[in-house]
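Please read the structure below before turning to the comments.
The values are calculated or read from the model by the stated rules, or taken from the named source; none is laboratory data. Note that the coordinates shown come from a computational prediction; the quantities given were computed from them, not determined experimentally. Note that each Cβ is placed from the backbone with ideal geometry, even for glycine, and that neighbours are counted across all protein chains shown.
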Amino acid sequence: MKALNYIRVVLIEPTHAGNIGAAARAMANMGVSQLALIRPGDFPGPMAAARAAGAHRILENARVFDSLDPAISDCTLVFGTSARLRSIEWPTLEPRAAMQKAAAHGLTSTVGILFGRESRGLSNEELERCHHLVRIPVESDFSSLNLGAAVMIMLYELRRSVPGQENISPDPPNQPLASAADMQHYYAHLQRVLERIEFCDGQSTRSTRLHRKLTRLFNRAHPYHEEIQMLRGILTAIERKVVQANMENPKTG
Ligand code: SAH
């Protein structure tokens, strides 16, 4: 199925090779083939292969990365799956609504679906890469699913959103969206300027929370590439003015 070619399953630091195999098997069942592994434990190996059953091609083609950013740099839509609520609330969807978006988007552009560590899920920094958080509704006092099971549920909902494809119109309509790499460069630039104009100091908890809230705001807008270029142009103009002002009024002592 064409829409599924653009879907990438990203497992972040999966500790148990068996879970990598189970995820690959679920992917093969549901027709998804792009697997990215960030610092996997014990991979490749016999355990992953055994749990993958016949899905060895997915494991063979899996790409292994040292960090998340290069694994999603070309993605223009990123979902993070999580069993937990967060201190700063993130836009959250239930699996079906999320995967309907993924199926529509995946007709034209790469979609990343992130899955966290067995021990502690996704970090806040990883969450900041996501446009939406997805929580699979389960019992509130036993909310954590096995990693392979979580992959299976998400991809099942994805597949259900694709057949027939009657209701799916390509998204985005006419303009390229900003990629994950564009967004990360923008956030780094924004942070630099905010520190430069002494709006924040870059170290404190307040500054971290500010950064996270700004990230949430811009991720929610899901800007086009061109819009991010425009925002970066504004930041560059601010930087230029600050340099000019400093030259005209050098601080003494
Ligand atoms: N103890 C971890 C749970 C990790 S389970 C925590 O507190 O977050 C491993 C991964 O499976 C999670 O990071 C998430 O990607 C996925 N997962 C497990 N349960 C889920 C749920 N109810 N909804 C969405 N994703 C879930």
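Selection of first residues in region 174-188 that are without any contact (Cβ under 8 Å) to a residue 24 or more places away in the chain and of second residues that are of a type in the set (Val, Ile, Thr) and assigned to a loop (DSSP other than H, G, I, E, B), restricted to Cβ pairs under 6 Å at least 6 apart or on distinct chains, gives an empty result. When each of 28, 36, 22 is tested for being over 18 Å from the mean Cα position of the chain (by Cα), at pLDDT 95 or above, within 22 Å of residue 134 (Cα to Cα) and away from the ligand (no atom under 13 Å from the Cβ), the lone residue that passes is 28. You will find that of 206, 240, the residue that is more than 29 Å from residue 75 (Cα to Cα), modelled with pLDDT of 95 or more and in a helix (DSSP H, G or I) is 240 and no other. Take the residues of region 23-44 that are at positive phi and out of contact with any Leu (no Cβ under 7 Å at 6 or more places or on another chain): which is surrounded by the fewest Cβ atoms within 10 Å (Cβ to Cβ)? The selected residue is 42. State which residue is nearest to the ligand (Cβ to nearest atom) when the search covers only region 61-93 and only residues that are in a loop (DSSP other than H, G, I, E, B) and of a type in the set (Gly, Ala, Ser). Result: 83.
Residue 3 meets all of the listed conditions (1) under 22 Å from residue 123 (Cα atoms); (2) in contact (Cβ under 8 Å) with a residue 40 or more places away in the chain; (3) of a type outside the set (D, E, K, R) but one, namely (1).
Every test in (1) under 22 Å from residue 105 (Cβ atoms); (2) surrounded by 10 or more Cβ atoms within 10 Å (Cβ to Cβ) is passed by residue 217 save one, and that test is (2). Scanning region 94-151 for residues that are part of a loop (DSSP other than H, G, I, E, B), without any contact (Cβ under 8 Å) to a residue 40 or more places away in the chain and more than 9 Å from the ligand (Cβ to nearest atom) yields 123, 139, 140, 141, 142. Determine whether region 163-175 contains at least one residue that is surrounded by 14 or more Cβ atoms within 10 Å (Cβ to Cβ) and part of a strand (DSSP E or B). The answer is no; no qualifying residue exists. Select from region 209-228 the residues that are in a helix (DSSP H, G or I) and farther than 17 Å from residue 88 by Cβ and list them in ascending order. If the condition is that a residue be in a helix (DSSP H, G or I) and farther than 17 Å from residue 88 by Cβ, then 225, 226, 227, 228 are the ones that fit.
Residue 180 meets the conditions (1) surrounded by 17 or more Cβ atoms within 10 Å (Cβ to Cβ); (2) modelled with pLDDT under 95; (3) of a type in the set (Gly, Ala, Ser) in every case but one. The failed one is (2).
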